[in-house]
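Take this structure first; my questions come after.
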Amino acid sequence: QVQLVESGGGLVQAGGSLRLSCAASGSILSINVMGWYRQAPGKQRELVAANRRGAITNYADSVKGRFTISRDNAKNTVYLQMNSLKPEDTAVYYCNAYAGWRDYWGQGTQVTVSS
């Protein structure tokens, strides 16, 4: 079992920055991939960024060049640095971990970008 606790969401003006954090606990060594997804009202949940054991990262086209995912293995924490935020980035952001052939999810944190 893996538990994920997110923090760092909030309200920011367009062009601003936020950093999300996700602390993992439990069966840490079984985690292969950690990442962030988001879900806007009326839309499906979508991948924002993912990191595979610190070596491979991938990003949604809509956030490339603006968002950066990083992972601190010593703290069992993954971060999402979000710069140049746009109103269309408004969504609930969920931390995800893939471990033991299943997905684990955090509770979600709201990010609201005002124009």
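The values are calculated or read from the model by the stated rules, or taken from the named source; none is laboratory data. Please read all numbers here as calculations on a predicted model, not as lab measurements. Note that each Cβ is placed from the backbone with ideal geometry, even for glycine, and that neighbours are counted across all protein chains shown. The area values use the complete protein model at the heavy-atom level, side chains included, leaving out ligands, DNA and RNA. Shrake-Rupley method; radii C 1.70, N 1.55, O 1.52, S 1.80 Å.
Which is farthest toward the positive dipole end of the chain among Val78, Val5, Tyr94, measuring Cα position about the Cα centre, with Cβ charges +1 (Lys, Arg) and -1 (Asp, Glu)?
Val78
Same structure again: On the full set of protein chains, 1.4 Å probe, figure out the accessible area of Ile56 and give it in Å² to the nearest 10.
Accessible area of Ile56: about 100 Å².
Same structure, new question: So with the 1.4 Å probe, I'd like the accessible area per residue for the chain, rounded to whole Å².
Heavy-atom accessible area per residue stands at 53 Å².
Hey, any idea what % of region 38-89's accessible area is carbon plus sulfur with a 1.4 Å probe?
Answer for region 38-89: carbon and sulfur cover 44 percent of the accessible area.
Lys and Arg at +1, Asp and Glu at -1: add these up for the other residues within a Cβ distance under 15 Å of Asp61 and post the number.
Computed value for this residue: +1.
Now for a different question. Go ahead and set up a Gaussian network model of the chain, Cα springs under 10 Å, then flag whichever of Ser21, Ser70, Ser84 fluctuates most.
Highest fluctuation of the listed residues: Ser84.
Leaving ligands and nucleic acids out of the surface, order Asp61, Asp72, Asp103, Asp89 by accessible area at 1.4 Å, largest first.
Asp61, Asp103, Asp72, Asp89
What does the charge add up to near Arg45, with Lys and Arg as +1, Asp and Glu as -1, over the other residues with Cβ less than 15 Å from its Cβ?
Net charge around Arg45: -2.
In addition: For every other residue with a beta carbon closer than 13 angstrom to the beta carbon of Met34, add +1 if it is Lys or Arg and -1 if Asp or Glu, then tell me the sum.
+1
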